[in-house]
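All remarks here apply to the structure that follows.
Here, each number is a calculation from the coordinates, and none is a lab measurement. Computed from a prediction, not measured in an experiment: that's the story for all the values here. FYI the Cβ positions are ideal-geometry reconstructions off the backbone, even for glycines, and counts take in every protein chain you see.
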Amino acid sequence: MDYATLLKIHLAAVAVSLALFVLRGIWRMLDSPMLKRKWVKIVPHLNDTLLLAAAIGMLVAAGLNPLEHGWLMAKIAGLVVYIALGSIAIKHGKTPRARILAFVGALTVFGYIAKVALSKQVWPF
Ligand code: HEM
């Protein structure tokens, strides 16, 4: 698969990831039974796997080594923090306050990762 196609898949998965995360965050705040639906438990993880697979495909296609590009390391680190905060926001946060703080934190980190991608700078502000 060529780089341009992988980038399109990556960007589509980025949009779906954000949409599903916001939706699940809202359902969590409302204690909605939607969160118990099977597809809601599976699809976000499949999509995030696709997001990462397309990213790895681009690295291979373009011969990019994250160890040589700070902005790629920043994206990988950002993704780890986004996943950790996301799991607190949706699952492991014990109080509504902890879950909301983690939700806002995860969205902030998501914005940072997107800014890093567009600017190719570790500190894009
Ligand atoms: C939530 C996580 C992520 C978000 C929100 C995100 C967002 C984006 C965005 C918005 C672009 C488009 C940049 C442009 O059009 O110039 C992009 C491109 C890219 N992303 Fe990600 N990304 C994420 C995770 C990752 C990860 C973990 C990697 C692997 C290190 C990665 C590698 C890349 C690469 C190689 C490009 C292509 C850059 C280019 O050719 O301009 N992304 N990403």
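Under the simplified labelling scheme, the SER32-LEU67 pair shows an inter-label distance of 4.4 nm, with each label point 7 Å from Cα along Cα→Cβ. Students often get this wrong, so check it: of LYS75/LYS115; LYS8/LYS38; LYS8/LYS36; LYS38/LYS115, which have C-alpha atoms separated by over 21 Å? Pairs exceeding 21 Å: LYS8/LYS38; LYS8/LYS36; LYS38/LYS115.
From largest to smallest, the equivalent ellipsoid semi-axes obtained for the chain from the alpha-carbon gyration tensor read 28, 17, 10 Å.
Take the alpha-carbon centre of region 21-50, take the same for region 57-122, and report the distance between them in whole Å. With region 21-50 and region 57-122 each reduced to a Cα centre, they are spaced 18 Å.
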